[in-house]
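Have a look at the structure below, then the notes.
The values are calculated or read from the model by the stated rules, or taken from the named source; none is laboratory data. Keep in mind that this is a model prediction, so the values were computed, not measured. Note that each Cβ is placed from the backbone with ideal geometry, even for glycine, and that neighbours are counted across all protein chains shown. What goes into the accessible areas is simple: the full protein's heavy atoms, side chains included, and nothing from ligands, DNA or RNA. Shrake-Rupley method; radii C 1.70, N 1.55, O 1.52, S 1.80 Å.
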Amino acid sequence: MENLFKIIFYASFSGATVFLGGVLSNLFERYFRKGLLQEKIIHTSVAIGGGIIIAAVAFVLVPKGMSVLPVIAMAVLFSTGALIFFFLDRYIEKKGGTLSQLLAMLMDFIPEAIALGAVFATDNTLGLLLAIFIGLQNLPEAFNSYLDLRNSGYTSKKSLFILFFLSFSGIFGAILGHLLLSNMPHLTASLMLISSGGLLYLIFQDIAPMSKLQKSWFPALGASFGFLIGMIGQKILG
């Protein structure tokens, strides 16, 4: 029971940055004057988030998925994730929306929250470090997700409400991982590989093109910085 309370507390911390990122993005949208500098900040933020997501795929989701599954299952699950998000992305586009940032954040956040809950069964310290890492990477991703929602026609209040609601998804994921998946590594690995396939599709289809800005090299540096954040997190966790 003590572990369960710790899991809820740490998952709450990592999830709170989802709402915090949305609030910061709301303030940025409201008070920061539109112009080239604003465009550079937005595109660089998107690139940082993209770099962090690639790092999460490279260092967390794919390695853990590959470690316990045979090659055929690995290939099928990864491809399934990519195809799911191919069709989902097309459906959203037909409806006139652009929710790639929000989808990417969820595909990154929820599997890692499940892993967080499962890790606590054997290593509390690693669980704490993972919670901090998840919280830090959620911040730029939520910042971009808010802008994504606004560009899709949602009001500021509705966008913040969605992010506030989603900030609790990590708690449920972590509890699920702890109670049900601690002794089911194959199912956990399957979820991570499906997420990985979907995330890579979103990165190259939507997020990377959105980060490019004419006559500006800051977004590319931002992507490198985002990946570095993932490298540092993995080094600490390892």
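Residues are listed down the side, and each one gets a yes or a no for (1) surrounded by 15 or more Cβ atoms within 10 Å (Cβ to Cβ); (2) within 23 Å of M192 (Cα to Cα); (3) not β-branched (V, I, T):
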{"residue": "R30", "(1), (2), (3)": "no, no, yes"}
{"residue": "R33", "(1), (2), (3)": "no, no, yes"}
{"residue": "I42", "(1), (2), (3)": "yes, no, no"}
{"residue": "V46", "(1), (2), (3)": "yes, yes, no"}
{"residue": "G50", "(1), (2), (3)": "yes, yes, yes"}
{"residue": "L61", "(1), (2), (3)": "yes, yes, yes"}
{"residue": "M74", "(1), (2), (3)": "yes, yes, yes"}
{"residue": "F87", "(1), (2), (3)": "no, yes, yes"}
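Among the residues of the stretch 1-52, which ones are closer than 24 Å to Y154 by Cβ, of a type in the set (V, I, T) and modelled with pLDDT of 80 or more?
If the condition is that a residue be closer than 24 Å to Y154 by Cβ, of a type in the set (V, I, T) and modelled with pLDDT of 80 or more, then T17, V18, V23, T44, I48, I52 are the ones that fit.
Of the residues that make up the stretch 93-111, is at least one open to solvent by less than 50 Å² (accessible area, probe 1.4 Å), of a type in the set (V, I, T), touching a residue at least 12 places away in the same chain (Cβ under 8 Å) and out of contact with any Phe, Trp or Tyr (no Cβ under 6 Å at 6 or more places or on another chain)?
No, every residue in the stretch 93-111 fails to be open to solvent by less than 50 Å² (accessible area, probe 1.4 Å), of a type in the set (V, I, T), touching a residue at least 12 places away in the same chain (Cβ under 8 Å) and out of contact with any Phe, Trp or Tyr (no Cβ under 6 Å at 6 or more places or on another chain).
Go through (1) free of Cβ contacts under 8 Å to residues at least 60 places away in the same chain; (2) buried (at least 24 other Cβ atoms within 10 Å of the Cβ) one by one and return the number of the condition F143 breaks.
In the conditions (1) free of Cβ contacts under 8 Å to residues at least 60 places away in the same chain; (2) buried (at least 24 other Cβ atoms within 10 Å of the Cβ), F143 misses (1) alone.
Pairs only if they're at least six apart or on different chains, beta carbon under 6 angstrom, first in the stretch 73-85 and touching a residue at least 24 places away in the same chain (Cβ under 8 Å), second open to solvent by 50 Å² or more (accessible area, probe 1.4 Å) and assigned to a helix (DSSP H, G or I); list them, first residue then second.
Filtered contacts from the stretch 73-85: M74/M66.
This table checks each residue for (1) farther than 20 Å from G65 by Cβ; (2) in contact with a Pro (Cβ under 7 Å, 6 or more places away or on another chain); (3) at pLDDT 80 or above.
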site	(1), (2), (3)
I110	no, no, yes
A115	no, no, no
D123	no, no, no
Q137	no, no, no
E141	yes, no, yes
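Any residue at all in the stretch 7-18 that's surrounded by fewer than 20 Cβ atoms within 10 Å (Cβ to Cβ) and closer than 20 Å to L228 by Cβ?
no
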